[in-house]
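Novice: One structure coming up, written as structure tokens, with questions to follow.
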Amino acid sequence: MEFRTEYEFELPRGYVDENGSLHKRGVMRLATAADEILPMRDQRVQQNPSYLSIILLARVIIKLGDLRAIDTKVIERLFTSDLAFLQNFYRQINEVEKLSVRTVCPKCDHEFEVDISFLAETEGN
């Protein structure tokens, strides 16, 4: 089984560039730790934490129609429905599946699943 790092998407409305061309199909790659950490130093994020998603998307979207480059200006000019779609798509492809193990109680033979993800310890904090 091949490990996927890039995912195709199609925007609900599409990005209209300065020439009036519509761009709907694109590719988003999985985010790295640097993608999530480095934007925190950006002054735009420090002044407005909501801007983090704009920078993140500009970093991880590697293709959008025939555009040569995707930067924060492109993301800023998306329709709100497309921005919401991309934010949801980002979460969907970058979420870690819950790791669990099926086990049996040695005393009563009851079968159940145990969450063994290392994130489970910090979720309640």
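The values are calculated or read from the model by the stated rules, or taken from the named source; none is laboratory data. This one's a predicted model, so the numbers in the text were calculated from it and none came from an experiment. Don't worry about glycine lacking a Cβ; one is built from the backbone with ideal geometry, like all the others, and counts go over all protein chains shown. These area figures cover heavy atoms from the full protein model, side chains too; ligands, DNA and RNA do not enter into them. Shrake-Rupley method; radii C 1.70, N 1.55, O 1.52, S 1.80 Å.
Novice: When you scan the stretch 1-52, how many residues do you find that are under 13 Å from residue 93 (Cβ atoms) and either in contact with a Lys or Arg (Cβ under 6 Å, 6 or more places away or on another chain) or open to solvent by 100 Å² or more (accessible area, probe 1.4 Å) (or both)?
Specialist: Residues flagged as under 13 Å from residue 93 (Cβ atoms) and either in contact with a Lys or Arg (Cβ under 6 Å, 6 or more places away or on another chain) or open to solvent by 100 Å² or more (accessible area, probe 1.4 Å) (or both) within the stretch 1-52 amount to 8.
Novice: If I ask for residues that are in contact (Cβ under 8 Å) with a residue 60 or more places away in the chain and surrounded by 14 or more Cβ atoms within 10 Å (Cβ to Cβ), which ones from the stretch 80-93 would you list?
Specialist: Within the stretch 80-93, 82, 85, 86, 89, 90, 93 meet the criteria.
Novice: Let me confirm something: among 68, 102, 77, which residue is at pLDDT below 95, exposed (fewer than 14 other Cβ atoms within 10 Å of the Cβ), under 14 Å from residue 15 (Cβ atoms) and out of contact with any Leu (no Cβ under 6 Å at 6 or more places or on another chain)?
Specialist: When all the criteria are applied, what remains is 68.
Novice: Residue pairs, Cβ under 6 Å, 6 or more apart or interchain, first in the stretch 40-66 and of a type outside the set (A, V, I, L, M), second open to solvent by 90 Å² or more (accessible area, probe 1.4 Å). List them.
Specialist: Cβ pairs passing all conditions: 51/44.
Novice: Further question: Would you mind stating whether residue 64 is within 16 Å of residue 29 (Cβ to Cβ), touching a His at 6+ places or on another chain (Cβ under 8 Å) and of a type in the set (A, V, I, L, M)?
Specialist: yes
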